[in-house]
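To keep things clear, I will list the structure first and then write my remarks on it.
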Amino acid sequence: MGRDERSPGPAAPDGRGPSVLREYALLADGHRGALVGPDGNVTWLCAPGWADPPVFSGLLGGRGDYLVTPANPRFVWGGHYEPGSLVWVSRWVTTDGIIESREALLFPGEERRVVLLRQIHAVDRDAVVHVRLDPRADFGREPVREVRREGPWWLARTGDLYLRHSGGERLRPTGDGPLCGELTIPDGGRHDLVLEIATHPLDAEPLRPDELWRTTEHTWRDSLPPLAGGPAQRDALFAYAVLRGLTRPGGGTVAAATTSLPERALAGHNYDYRYAWVRDQSFAGQAAALVGRHDLLDDAVAFLTQRVLADGDRLAPAYTVDGSPVPPQHGLEFLPGYPGGSPRIGNWVREQFQLDAFGEVLLLLAAAGRHDRLDDASWRAMELAVRTIGERWRQPDSGIWELPPRQWTHSKLMCVAGLRAAARVAPRGSAGRWVALADTILADVAAHGLHPSGRWQRAYDDGRVDAALLLPGIRGALPAGDPRTEATRQAVLAELERDGYLYRFRPDSRPLGDAEGAFLLCGFAAALAADQAGDVVAANRWFERNRAACGAPGLFTEEYDVEQRQLRGNFPQAFVHALMLETAVTLGQAEACPGSH
């Protein structure tokens with residue numbers, strides 16, 4: 001395919017390339033997310049929604065970014081999130097002073113309007129910062145046009161989007177559209193920049209920056225649950241904030257804010273994760289239920305209830321956050337991509353049947369039932385999920401790792417776990433039938449999916465181990481103390497552990513780590529499995545090792561390159577944060593009740 005006639009060209013005229021993933025911070029408001037690099041450059045922001053084309057696509061090599069950085073190039077970078085929020089503060093120590101830049105998306109966000117807040121603080125001495133605003137819709141292919149000044153604001157268009165920027169009166173447009181310039185902030189002073197991007201003309205006068213900040217601060221403060229004690233309390237609270245930011249109000253949680261970030265350099269393992277996976281909703285909702293916060297739980301229940309009632313046995317593994325089908329996958333050949341990856345949008349998972357998703361639906365609805373959070377529609381969805389399992393559990397499926405259809409042991413055992421959990425909250429007549437179905441499936445798995453050594457094996461025709469087989473035991477597929485659960489745990493650790501991290505499975509004869517990175521989801525599952533087995537020391541070791549697999553902002557990807565200590569894949573990964581939160585709370589409860597094992 002030839003280069004697009006609206007080719008975006010290089011990402012940045014000053015030669016800046018992308019940063020390693022561990023250095024990016026996430027800003028999110030439930031409707032979309034932005035990534036801010038260590039130099040203060042917003043290199044990724046889709047508008048108006050998660051899966052819409054980005055207006056800043058420098059992350060993938062397209063035109064379009066928003067830079068606020070020290071004019072003095074000699075600086076070292078640091079930063080932190082303000083407690084219990086996704087308000088990020090970049091901190092630059094230069095050779096002539098200290099500068100901070102406070103960053104956030106207005107929270108709660110609006111569906112059709114993005115509001116990006118930036119507040120520059122001259123901490124020590126006068127500060128001079130360089131600013132460049134270069135919005136380019138449709139992956140950088142749409143130029144900025146109709147740039148004009150109107151009072152204190154700059155107005156512009158790009159594609160079908162309308163823009164308004166305030167606080168940049170001293171900026172000036174360059175020949176090809178961007179606003180550029182330098183701002184000087186006196187020692188101790190602050191300067192606000194506000195960028196609005198909307199699908200409609202911005203006619204109403206904007207609120208003052210201090211009012212926007214106050215709304216954002218108060219909403220974050222009211223959105224976070226109280227967490228009492230336990231290990232990593234601050235990180236657990238932050239994981240909840242990440243899930244809240246990645247969740248559309250009343251809708252789904254995106255798997256990640258990005259697309260096409262490679263899991264393995266030049267291996268073709270890069271996908272579009274800007275969609276809501278059924279499994280992720282279950283993980284996030286169960287973690288929220290564990291901390292006693294019902295907003296994320298209710299969002300997950302509402303989303304899955306609607307999808308199960310609408311699609312029944314045709315339930316897809318993933319949807320857009322508003323419940324629409326995921327678009328077909330295709331490449332974006334006009335973009336260079338993140339180094340080591342090739343850009344693409346859409347996802348082929350839309351065509352798969354994943355049996356374990358129905359077990360996850362039941363686990364989520366059962367968790368909500370224990371908190372008395374189910375309405376009539378959700379009960380109907382539970383009954384329909386059970387009926388679908390009864391009709392389809394014998395069929396091959398693509399499983400949790402989205403592989404070619406087989407009789408995956410994990411998928412069937414997760415249905416057993418879901419059926420047992422649902423039976424515990426169901427009316428008596430239904431409960432008996434659901435337990436009987438769980439027993440029937442378990443008997444079949446025991447006959448065909450049990451390895452001669454007494455542990456579960458990957459599939460009926462594959463005797464290898466798989467880290468996913470830790471999850472059914474954690475979720476209650478078998479009674480506590482069942483020897484098959486412990487045998488499986490020991491085999492997984494013996495064959496798939498390296499340096500305190502866990503891999504999914506051995507895809508071939510290569511050593512662990514050569515084919516793919518360690519899976520952080522599996523590492524946190526190992527912590528939960530160790531805790532369930534009564535090995536508190538091992539549980540905490542697994543937890544601490546895997547929660548360290550992040551950068552300064554504290555965000556996780558799906559995979560972790562153990563040898564290079566780098567994050568791999570789309571960013572940040574929702575279900576890793578969900579299981580990290582669940583593990584932190586579970587270990588905290590065990591610490592508070594040491595005699596619970």
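The values are calculated or read from the model by the stated rules, or taken from the named source; none is laboratory data. Source: prediction; values computed, not measured. Here the Cβ positions follow ideal geometry from the backbone for every residue, glycine too, while neighbour counts run over all protein chains shown.
Quick notes
- In the stretch 130-160, residue farthest from the chain's Cα centre (by Cα) [restricted to those that are surrounded by 21 or more Cβ atoms within 10 Å (Cβ to Cβ) and at positive phi]: Gly140
- The residues of the stretch 470-484 that are part of a helix (DSSP H, G or I) and farther than 16 Å from Trp542 by Cβ, listed by number, are Pro472, Pro483, Arg484.
- When the criteria are applied in full, Pro483 fails the requirement of being under 17 Å from Asn570 (Cα atoms) and modelled with pLDDT of 95 or more.
- Remark: pairs (first residue in the stretch 450-474, assigned by TED's automatic domain parsing to the domain that holds Gln407; second residue at pLDDT below 95 and part of a loop (DSSP other than H, G, I, E, B); Cβ separation under 8 Å; 6+ apart in sequence or on different chains) = Arg464/Arg506.
- Of the residues making up the stretch 386-398, not a single one is of a type in the set (Lys, Arg), farther than 22 Å from Val349 by Cβ, surrounded by fewer than 21 Cβ atoms within 10 Å (Cβ to Cβ) and modelled with pLDDT under 95.
- Exclusive hit being part of a strand (DSSP E or B) and surrounded by 24 or more Cβ atoms within 10 Å (Cβ to Cβ), set Leu567, Leu581: Leu567
- Odd one out for Val465 among (1) modelled with pLDDT of 95 or more; (2) under 20 Å from Ala367 (Cβ atoms); (3) not in a helix (DSSP H, G or I): (2)
- Just one of the listed residues (Ala548, Ala518) is at pLDDT 95 or above, in the same structural domain as Pro343 (by TED's automatic domain parsing) and surrounded by fewer than 19 Cβ atoms within 10 Å (Cβ to Cβ), namely Ala548.
- Looking only at the stretch 184-212, and only at residues there that are acidic (Asp, Glu) and modelled with pLDDT of 95 or more, the one that is surrounded by the most Cβ atoms within 10 Å (Cβ to Cβ): Glu196
- Of all residues in the stretch 213-234 being among the aliphatic types (A, V, I, L, M) and surrounded by 19 or more Cβ atoms within 10 Å (Cβ to Cβ), the one that is nearest to Val68 (Cα to Cα): Ala232
- Residues in the stretch 215-264 that are among the basic types (Lys, Arg) and closer than 25 Å to Asp299 by Cα were compared, and the one that is farthest from the chain's Cα centre (by Cα) is Arg221.
- In the condition set (1) touching a residue at least 40 places away in the same chain (Cβ under 8 Å); (2) out of contact with any His (no Cβ under 9 Å at 6 or more places or on another chain); (3) acidic (Asp, Glu), Asp311 is compliant with all but (1).
- When Arg274 is tested against (1) assigned to a loop (DSSP other than H, G, I, E, B); (2) under 30 Å from Ala385 (Cα atoms); (3) free of Cβ contacts under 8 Å to residues at least 24 places away in the same chain, exactly one condition is not met: (3).
- Only a single item in (1) closer than 30 Å to Ala574 by Cβ; (2) surrounded by 12 or more Cβ atoms within 10 Å (Cβ to Cβ) is not met by Pro178, and it is number (1).
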